[in-house]
Amino acid sequence: MLGPARIRVAGTADLEVIVIVGYGRGNIRSVENALERVGCRFRTAGNPREIASADKLVLPGVGAFGECMDLLRAKGFEAAILDHVARGKPLLGICVGMQMLAETGHEFGTHRGLGLVRGKVVQIPRKDNSLRLPQVGWNELRPRKDCPLLRDLPGDRTAYFVHSYHLAADEAADISADVEYGGPVTAAVSVPPVYGMQFHPEKSQEVGLRILSNFAAL
């Protein structure tokens, strides 16, 4: 559940439109509720034509990497997303949506991703069997570089995770935050105008609301 705080973006009436990519996988209603709470103008697109005029995109994702990519391509969204980014417009990937930003995913085989972040999605390394997968619950974000989405986070900077795989970036400079889970695990990436959050900002209470507010204000 989202916390009681209501973080709003200044000048809501003048905000650009955020479009959620509705390809059939992701907590769409939860994302919509969170964007509504921060006062964003948004809509959900059911086909690629509807994202052509988007100022910003949110790409959610729940499930397996390959299945999500297959659905995204089957509905024709891949080219539209790549065109959006090529025009310098911001994109935020959430959970598996962040993983799909990578070049390849290695969950139930090898699958081609969007190729917007150099690296591959692999299972979280386990040093021993005491580490449970998936990681489910709250973990503290550790910022690794300045990222506009992670500025001015309230409280203890904890976020809510549900995942067994993470994005192993080729370039450490692309990782904007990680968490400790048997070793460093990628929590966020930033390759402007592309951003990704492995955790669920829409379920991360005040921290998540601030992140979405920061994204809206880019």
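Brief remarks on what is shown
- Among residues of segment 53-102 being among the β-branched types (V, I, T) and in contact with a Gly (Cβ under 7 Å, 6 or more places away or on another chain), the one that is nearest to I211 (Cα to Cα) is I94.
- Test: residue in segment 150-157 that is under 20 Å from N33 (Cα atoms), among the hydrophobic types (A, V, I, L, M, F, W, C) and in a loop (DSSP other than H, G, I, E, B): yes
- Filter result (out of contact with any helix residue (DSSP H, G or I) (no Cβ under 8 Å at 6 or more places or on another chain), surrounded by fewer than 23 Cβ atoms within 10 Å (Cβ to Cβ) and of a type in the set (D, E, K, R)) within segment 201-216: E206
- Residue in segment 106-115 that is of a type in the set (G, A, S), without any contact (Cβ under 8 Å) to a residue 40 or more places away in the chain, loosely packed, with under 15 Cβ neighbours inside 10 Å and closer than 21 Å to V58 by Cβ present: yes
- Strands (runs of 3 or more DSSP E) (entirely within segment 173-218) containing at least 2 residues that are of a type in the set (S, T, N, Q) and farther than 14 Å from L59 by Cα: 184-191
- Filtering segment 188-200 to residues that are buried (at least 21 other Cβ atoms within 10 Å of the Cβ) and either farther than 23 Å from G88 by Cα or more than 12 Å from the chain's Cα centre (by Cα) (or both) leaves F199, H200.
- For segment 109-126, taking the residues that are within 15 Å of H166 (Cβ to Cβ) and in a loop (DSSP other than H, G, I, E, B), the one that is farthest from the chain's Cα centre (by Cα) is identified as R126.
- Identity of the residue in segment 116-151, of a type in the set (D, E) and at pLDDT 95 or above, that ends up nearest to L91 (Cα to Cα): D146
- Lone qualifier among A74, A52, A79, A86 - being at pLDDT below 95 and either of a type in the set (G, A, S) or over 20 Å from V194 (Cα atoms) (or both): A52
- Residues of segment 173-218 that are out of contact with any Phe, Trp or Tyr (no Cβ under 9 Å at 6 or more places or on another chain), touching a residue at least 24 places away in the same chain (Cβ under 8 Å) and among the hydroxyl-bearing types (S, T, Y): S190, S213.
- Screening segment 142-160 for residues that are surrounded by fewer than 23 Cβ atoms within 10 Å (Cβ to Cβ) and among the hydrophobic types (A, V, I, L, M, F, W, C) and picking the one that is farthest from Q205 (Cα to Cα) gives C147.
The values are calculated or read from the model by the stated rules, or taken from the named source; none is laboratory data. Only a predicted model underlies this, so the values are computations on that prediction, with no experimental measurement involved. For neighbour counting, all protein chains shown are included, and Cβ atoms are generated from backbone atoms with ideal geometry for every residue, glycine included.
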